[in-house]
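Visitor: Following this message is one structure expressed as structure tokens.
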Amino acid sequence: MTSQGTTKAADTAAVLRTEKLCAGYGGVAIVRDLDLEVRSGEVVLLLGANGAGKSTTMHTLAGGLPVIGGRVLVEGSPTTSPAHRRCRQAISFVTEERSVFRSLSVEDNLRLGRGGVEPALQLMPELRPLLKRKAGLLSGGEQQMLTLSRAIAARPKILLADELSLGLAPLIAARLLDAVRSAADQGLGVLLVEQHVRQAMQMADRVYVLRRGEVVLQGTAAQMRDRLAEIEDSYLSEGEQPARAGS
Ligand SMILES: Nc1ncnc2c1ncn2[C@@H]1O[C@H](COP(=O)(O)OP(=O)(O)OP(=O)(O)O)[C@@H](O)[C@H]1O
Ligand SMILES: [Mg+2]
């Protein structure tokens with residue numbers, strides 16, 4: 001974790017930036033005025049209770065949901081510009097849904113990725129003995145190792161990872177986070193949503209906390225680690241209460 005902290009990040013340009021981003025569904029904004037940035041080589045953690053707007057943000061950044069207001073810039077270029085296609089190619093999006101071709105072998109799954117087989121195996125050597133197995137027969141953790149290694153091997157500039165380790169054991173979550181950290185240390189910019197908050201805080205560089213679609217806290221992971229109990233109580237607890245009129 002040599003790159004942790006802000007020193008390196010401070011002199012690197014943002015690979016991903018949002019300016020006053022408003023995002024939601026059917027023209028109704030759920031996420032409002034979001035200003036965030038991810039620099040090359042850093043892992044940025046996006047925290048918030050259920051329904052805070054994390055996945056909405058991720059899907060909008062990945063291009064799956066239209067921007068309602070504000071801008072998304074990839075390597076400084078607005079993604080609605082003619083450079084749109086190129087920008088989107090720089091982004092890889094992985095979610096809790098294991099995006100593997102279940103009837104194909106692990107090897108064929110990797111072959112279909114833009115990065116090919118060997119680079120993915122270097123990231124995740126655990127997959128080597130499983131190469132001939134159908135991906136549908138892998139455990140959930142193994143499927144996510146496949147999903148993640150294929151995504152990183154494609155050498156995107158930005159990785160968006162939304163609840164990659166949902167429902168998986170802490171040990172597997174740690175393995176996945178470790179691979180994400182290593183990729184960031186090689187220059188990848190990562191925006192991470194993760195249920196294993198404590199583990200993620202250990203490997204992240206910076207943190208944004210969303211509440212009802214707005215950033216209410218941000219800082220370095222080191223600063224946030226000191227306030228973890230408070231953050232968990234105030235912002236991450238289940239069943240966030242709806243906003244009261246006037247509050
Ligand atoms: N397709 C949709 N249409 C309308 N509203 C939606 C849709 N998907 C999500 N929402 C609403 O948007 C809000 C934010 O949801 P989102 O999935 O972004 O939250 P989240 O922070 O990812 O939560 P979780 O931790 O449960 O994954 C919620 O109130 C949710 O009900
Ligand atoms: Mg979500």
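The values are calculated or read from the model by the stated rules, or taken from the named source; none is laboratory data. For clarity, every value in this text was computed on a predicted model and none was experimentally measured. As a convention, Cβ positions derive from the backbone with ideal geometry for all residues, glycine included, and neighbour counts pool all protein chains shown.
Visitor: How do the pairs read when you match residues in the stretch 48-62 that are on the phi > 0 side of the Ramachandran plot with residues anywhere that are more than 6 Å from ligand 1 (Cβ to nearest atom) and hydrophobic (A, V, I, L, M, F, W, C), using Cβ under 8 Å and keeping only pairs 6 or more apart or on different chains?
Guide: From residues that are on the phi > 0 side of the Ramachandran plot, the pairs are G48/V209; G48/L210; G48/L236; G53/A23; G53/V31; G53/L210.
Visitor: Please work out which one of (1) among the hydroxyl-bearing types (S, T, Y); (2) more than 16 Å from ligand 1 (Cβ to nearest atom); (3) under 22 Å from L47 (Cβ atoms) is the condition S149 fails and give its number.
Guide: Of (1) among the hydroxyl-bearing types (S, T, Y); (2) more than 16 Å from ligand 1 (Cβ to nearest atom); (3) under 22 Å from L47 (Cβ atoms), only one is false for S149: (3).
Visitor: Look at the stretch 124-135 and say how many of its residues are over 19 Å from R114 (Cβ atoms) and either within 23 Å of the chain's Cα centre (by Cα) or modelled with pLDDT under 95 (or both).
Guide: 2
Visitor: Among the candidates D185, D162, single out the residue that is more than 25 Å from G64 (Cα to Cα) and in contact (Cβ under 8 Å) with a residue 60 or more places away in the chain.
Guide: D185
Visitor: Please note which strands (runs of 3 or more DSSP E) are completely contained in the stretch 4-106 and include at least 3 residues that are modelled with pLDDT under 85 and away from ligand 1 (no atom under 16 Å from the Cβ).
Guide: Here the list is empty.
Visitor: From the list R198, R175, which one is basic (K, R), farther than 19 Å from A49 by Cβ and touching a residue at least 24 places away in the same chain (Cβ under 8 Å)?
Guide: The conditions single out R175.
Visitor: Considering only the stretch 167-194, state which residues are within 15 Å of ligand 1 (Cβ to nearest atom) and either among the hydroxyl-bearing types (S, T, Y) or surrounded by fewer than 17 Cβ atoms within 10 Å (Cβ to Cβ) (or both).
Guide: G167
Visitor: Could we say that Q144 is closer than 20 Å to L192 by Cβ and assigned to a helix (DSSP H, G or I) here?
Guide: So Q144 fits the description; yes.
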